[in-house]
1. Glu96 to Leu75: FRET efficiency via 1/(1 + (r/R0)^6), r the Cβ-Cβ distance, R0 22 Å, to the nearest 0.05?
2. Which loop chymotrypsin sites (Phe, Trp or Tyr not before Pro) in the range 33-87, with loop taken from DSSP, have no more than 16 other Cβ atoms within 10 angstrom of their Cβ?
3. If you stretched the chain out fully between Leu30 and Glu2, how much longer would it get, using 0.36 nm times the residue separation minus the C-alpha to C-alpha distance?
4. DSSP loop (so not H, G, I, E, B), at most 16 other Cβ within 10 Å: list which trypsin sites (Lys or Arg not before Pro) in the range 17-73 pass both filters.
5. May I ask for the angle, rounded to the nearest 10°, between helix 85-97 and the longest principal axis of the chain, with both axes built from Cα atoms and the value confined to 0 to 90°?
6. Count charges around Ile37 for me, please; just the other residues with Cβ under 14 Å from its Cβ, Lys/Arg as +1, Asp/Glu as -1.
7. Amide H neighbours of Ile5 under 5 Å, at least 5 residues apart or on other chains, H built in the peptide plane: list them.
8. Starting from the Cα-Cα distance between Lys54 and Thr84, subtract it from 0.36 nm times their residue separation and give me the gain in nm to one decimal.
Amino acid sequence: MECRIKGKFRTQGIKSTNPIALCDVVDFELDETSDAITGSIHNNYDRKNYIVRKSVNLSKQTHIIASNIDIVFLLITINNPPTTSSFIDRFLVTAEAYGIKSVFIFNKL
C-alpha cells in the first residue's frame, strides 16, 4: 500500500531530509475516494534508534536510512570489490553509538 504524509506533519520539527523512514511506526488512514489502496500518514511515533547518513544535497541535514533497528548485518567482501576497513569502522561506530547489535558476514573468500 502507498501512503503519503499529510499537511503540516510533513515538515513540522523535521531536521532530516525524510520525515518517515524504513521501519517507522506510524498511524495512517485509508483513502477510500480512489480505486487504488492508498492512505495518509498523520502520526509518527518516537524512534527507538536510527541510522543516519549526511544528506547528499544539504550538508547540514541528515538522511535517516532506517529506524527501530534490533540488529544489523554487514556483508563484507574480501575481493572484487574488497570492503575497506575504514567503512567497517564507520559502520561499527554508528551501530555502537545507537545501541544496535552488529553481525558480520564474510563473502568471496
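Each value in this text was obtained by applying a stated rule to the coordinates, not by laboratory testing. Note that this is a predicted model, so its numbers are computed, not measured. All Cβ positions, glycine included, derive from the backbone under ideal geometry; neighbour counts span all protein chains shown.
1. Numbers: r = 19 Å, r/R0 = 0.85.
That pair, Glu96 with Leu75, gives E of 0.75.
2. Details: sites: Tyr45, Tyr50, Phe73, Phe87; in loops: Tyr45.
Answer in residue order: Tyr45.
3. Working: separation 28, 0.36 × 28 = 10.08 nm, distance 0.99 nm.
Gain on extension, Leu30 to Glu2, equals 9.1 nm.
4. Working: sites: Arg47, Lys48, Arg53, Lys54, Lys60; in loops: Arg47, Lys48, Lys60.
Here the trypsin sites (Lys or Arg not before Pro) that fit, given the DSSP loop and packing criteria, are Arg47, Lys48, Lys60.
5. The helix 85-97 is inclined about 50 degrees to the chain.
6. Details: positive: Arg4; negative: Glu2, Glu29, Asp31, Glu32, Asp35.
That sum, taken over residues with Cβ under 14 Å, equals -4.
7. Ile41
8. Working: separation 30, 0.36 × 30 = 10.80 nm, distance 1.93 nm.
Stretched fully, the Lys54-Thr84 segment lengthens by 8.9 nm.
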